[in-house]
1. For B:ALA573 and B:LYS457, calculate 0.36 nm times their separation in residues minus their Cα-Cα distance, and state this gained length in nm to one decimal.
2. Given Cα pairs under 8 Å that are at least 6 residues apart, what percent is the relative contact order of chain B?
3. Magnitude of the Cβ-charge dipole of the range B:174-383, K/R +1 and D/E -1, about the Cα centre, nearest 20 debye?
4. Taking the Cβ of B:MET521 as the center, what net charge do the other residues with Cβ under 12 Å away carry, scoring Lys and Arg +1 and Asp and Glu -1?
5. Tell me the relative contact order for the range B:390-539 as a rounded percent, counting alpha carbon contacts under 8 Å between residues six or more apart.
6. Shielding by partners for B:360-370, please: the mean number of other protein chain Cβ atoms within 10 Å of each residue's Cβ.
7. Which of the listed residues, B:GLY401, B:LEU113, B:HIS458, is farthest toward the dipole's positive end in chain B, when Lys, Arg count +1 and Asp, Glu count -1 at the beta-carbon?
8. How shielded is A:34-45 by partner chains, expressed as the average number of their Cβ atoms within 10 Å of its Cβ atoms?
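The values are calculated or read from the model by the stated rules, or taken from the named source; none is laboratory data. As the structure is a prediction and not an experimental result, all values here were calculated from the model. Heads up, the Cβs are rebuilt from the backbone with ideal geometry, glycines too, and the neighbour counts pull from every protein chain shown. Side chains included, ligands, DNA and RNA excluded: accessible areas come from the protein's heavy atoms. Shrake-Rupley method; radii C 1.70, N 1.55, O 1.52, S 1.80 Å.
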Amino acid sequence: MTNSEIRRTIREVMAATFEIDPDEIDNQTRQQDIDSWTSLAHLRLITNLEQALNLRFTMKEATVLISYAEIEKTVLAKNS
Amino acid sequence: MTQYHQDTALEAVIQRAGWERAVFYYLEQDQLEPALPFFSKLQALGEPLPARLVQSLTEALFEAKRYEEASAILEAQIPALPEKEQTVLRDLLARIYLKAGQTEQATKIWVDLFTTQPDYSPAALRLADYYAKREQADAAASVLLRLVQVAPTPQNYLAAYSRLKRLKSKLSSPAPNTTLRLALIGTSTLNDLLAYLDLNCRLAGLRPETYLGGFNQYTQEILNPTSTLYEFAPDLIICKLDAVLLFPEIETKLLTMNGEQRRAEAETIIERLTGLLGTLTNRTTATVLINNFPLPEYSPFGIADTREEFGQASFYSYLNDKLSKTIAQRFPTVYLVDEERVVSRVGKRQATDDRLWLMARETVSEKLRPALAAEYTRYIKALKGQTRKCLVLDLDNTLWGGIVGEDGFAGLQLGSEAPGNAYNSFQQTLLQFSQRGILLAIASKNNEADAMEVLEKHPEMILRPSHFAAKRINWQDKPTNLREIAQELNIGVDSLVFIDDNPVERALMRQMLPQVLTVEMPSDPALYRRTLLELLDLDVLALTQEDLARQRLYQEQVARQQFETQHSTDLEAFLSDLQMTLQIAPANDLTLPRLAQLINKTNQFNLTTRRYTEAQVREMSATPEDFLVLGVRVQDRFGDNGLTGVAIIKKKETYWKLDSFLLSCRVMGRTIENAIIGYIIEMAQAAGVERLIGEYIPTAKNVVVASLYPNLGFSPLEATTEKGITLWQLLLNESVPSVPSWIKLVD
């Protein structure tokens with residue numbers, strides 16, 4: 001996957017998990033900006049990302065992935 | 001080809017690869033503009049472009065809101081691609097259409113994608129969202145259910161569930177007897193499990209209302225008489241307990257205790273649970289499902305566990321055993337779900353997810369969730385009378401390997417060696433089902449003589465002709481054969497399960513008789529046995545004497561039918577020669593489970609089709625001043641038909657009303673109903689009652705009894721109501737029907 005494909009996948013997974021339009025997600029998006037980003041939805045986000053990107057987060061990573069920027073940074077670092 | 005031509009061709013390939021690299025390079029830098037001229041050059045070549053290239057570029061255009069350019073490229077490129085690669089791009093094109101305001105084109109693509117690839121979830125979910133927005137809630141729900149059915153992934157379950165939750169109030173009202181008020185309470189986080197339960201109910205045609213208990217709130221919910229749990233008034237309470245939350249320190253504790261103390265500790269846990277169940281069952285008539293406790297993966301004693309007096313393994317097996325006995329003896333409305341077995345089936349390592357547990361206090365892993373929900377669904381189906389009664393089997397390549405008409409008797413694969421032993425193991429499993437009361441039948445395209453020779457004489461066959469309640473070995477189409485089998489056995493077509501290795505026959509059956517459960521058989525016969533065991537539709541909550549003797553009962557039925565054919569001219573002579581005796585008696589502890597089973601299973605000869613749980617029937621029979629619950633046992637010259645009839649009478653001062661009146665299809669057409677009514681009349685007259693009221697509530701299946709009351713001499717009481725419900729009365733001071741002379745009543 002190229003980096004732009006990864007970014008797109010992250011946005012699509014987030015949109016599907018929180019049931020919102022991908023347009024609502026940008027580099028600034030954080031957990032507190034999205035109502036449906038509950039603690040339960042957060043776990044679903046983690047598993048959905050793992051499945052879509054074929055990687056595995058540690059529990060520590062999973063607890064800090066609470067913004068688009070953090071997710072992108074962590075995934076790209078894992079991928080390089 | 002000349003050297004010159006080869007060089008030119010090679011150059012073209014290199015040039016093309018370079019352009020493709022350039023497009024990807026600029027897109028990766030988020031620079032759309034410089035990528036476009038290279039893409040145009042590639043397009044100008046007039047050859048099909050790689051799907052990934054088209055996707056990357058059009059997605060970038062889409063994000064830049066340049067919808068017209070994006071859709072033009074996709075419209076031109078999609079048809080040239082292999083079908084498999086079109087899906088994602090067509091979905092993208094539809095999303096672009098939608099953004100550009102071309103709703104109709106977008107929907108057309110999604111409908112088409114959903115029809116040809118119902119498992120492609122993005123299209124299905126978008127189509128469901130589109131229907132939901134247009135207030136077509138039922139259409140949206142059916143798309144979501146189909147998606148979950150063909151692609152039962154955790155993501156699809158959760159996505160479909162959250163959408164259904166929003167749609168629920170807008171769905172058309174449920175058909176009678178499809179509602180279920182389901183409460184899920186317990187120790188851990190249960191939201192995701194509830195999603196599975198809700199959808200499984202809907203896939204089974206039910207319309208659940210659900211209640212989710214708070215995290216580890218089950219004790220308060222049970223003990224507080226005005227809790228939201230009781231307010232919800234559930235029909236079914238699933239109480240999901242986890243050892244790790246119920247007795248969290250147990251591992252450490254066991255290490256510091258001696259054998260005696262460990263046993264006492266187990267007793268304390270049992271007492272605590274028994275106390276809770278006592279309170280719960282006192283306050284509600286709901287059916288309760290509670291689970292036992294899987295043995296953890298590791299013991300605190302290490303490998304020395306089995307040497308310990310009352311080690312961890314003994315502790316858990318004692319606990320589970322005692323729990324199962326206590327529940328069976330003391331709580332008729334509670335059923336113990338064997339979670340230890342479900343967890344073992346999935347694999348203990350797979351059944352727990354440490355991260356999920358630590359982060360969310362969720363004890364059920366993503367892998368265990370579907371298996372556990374499926375196990376609960378078996379109970380729900382049994383509870384709602386959705387149990388199938390008969391397995392209809394093909395012969396060639398289903399019961400044995402090979403085709404008898406081509407390979408011959410001796411050429412069949414069957415016996416103790418692979419691959420033929422797969423069929424033996426399948427037959428062995430079928431035999432088990434037959435012994436526990438599921439009927440077997442044959443629907444096969446064959447020369448009857450060839451097939452019967454195998455059934456009767458093949459030394460390796462486990463199933464013999466006498467195991468089959470009905471046989472259709474002929475050349476007519478299978479849907480017709482299944483209709484005939486249902487008629488011969490006097491059961492509904494929706495009680496049949498169709499098992500055939502041939503996908504064409506299965507497709508035809510699904511199309512012609514969707515009420516039949518057509519099992520998707522694996523192509524490898526080694527997996528037949530497992531496929532059969534994994535069905536959720538063959539369970540009863542408790543096996544009764546009638547279940548265990550059903551095969552014999554149907555053999556007697558065959559003899560009875562032959563007898564009937566011989567007596568085909570004179571009905572009364574036939575009925576007298578049957579030498580029927582009826583034992584009609586108020587329900588008691590021994591008969592209640594079977595009566596409840598009949599109330600929930602009987603569809604045809606059932607005047608009101610009111611379903612009651614065993615607890616509700618028990619409650620009615622315990623208040624004889626208001627209710628009379630009668631069970632009817634039928635015997636004849638061929639044997640004992642067992643308990644086959646139920647009547648529930650609501651007693652009022654001047655009249656008795658038949659709240660429920662039903663007969664098993666096995667004993668229909670033998671004037672037994674006349675005898676039962678005659679008996680009730682005698683009792684009513686003795687009690688000084690003036691009138692007997694009958695009620696008929698039509699369903700899709702009980703048309704056979706539509707004019708039962710007028711035929712028995714009842715007169716109409718009121719005009720037909722909106723749903724076709726009719727009321728009938730019989731004045732007991734006038735001449736009333738009596739028990740027919742050919743039926744003897746015994747005590």
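1. Numbers: separation 116, 0.36 × 116 = 41.76 nm, distance 3.90 nm.
Separation in residues times 0.36 nm, less the Cα-Cα distance, equals 37.9 nm.
2. On the way: 1149 pairs, mean separation 50.3, N = 747.
RCO, chain B: 7 percent.
3. Numbers: 23 positive and 26 negative charges, 117 e Å.
It comes to approximately 560 debye.
4. Values: positive: B:ARG506, B:ARG529, B:ARG530; negative: B:ASP394, B:ASP500, B:ASP501, B:GLU505, B:GLU520, B:ASP524, B:GLU534.
Overall, the nearby charge balance is -4.
5. Values: 231 pairs, mean separation 37.4, N = 150.
25 percent.
6. Numbers: counts 5, 0, 2, 0, 0, 0, 3, 0, 0, 0, 0.
Other-chain Cβ atoms within 10 Å of each residue's Cβ, averaged: 1.
7. B:LEU113
8. Details: counts 0, 0, 1, 0, 1, 3, 6, 2, 2, 8, 9, 0.
Average per residue, whole number: 3.
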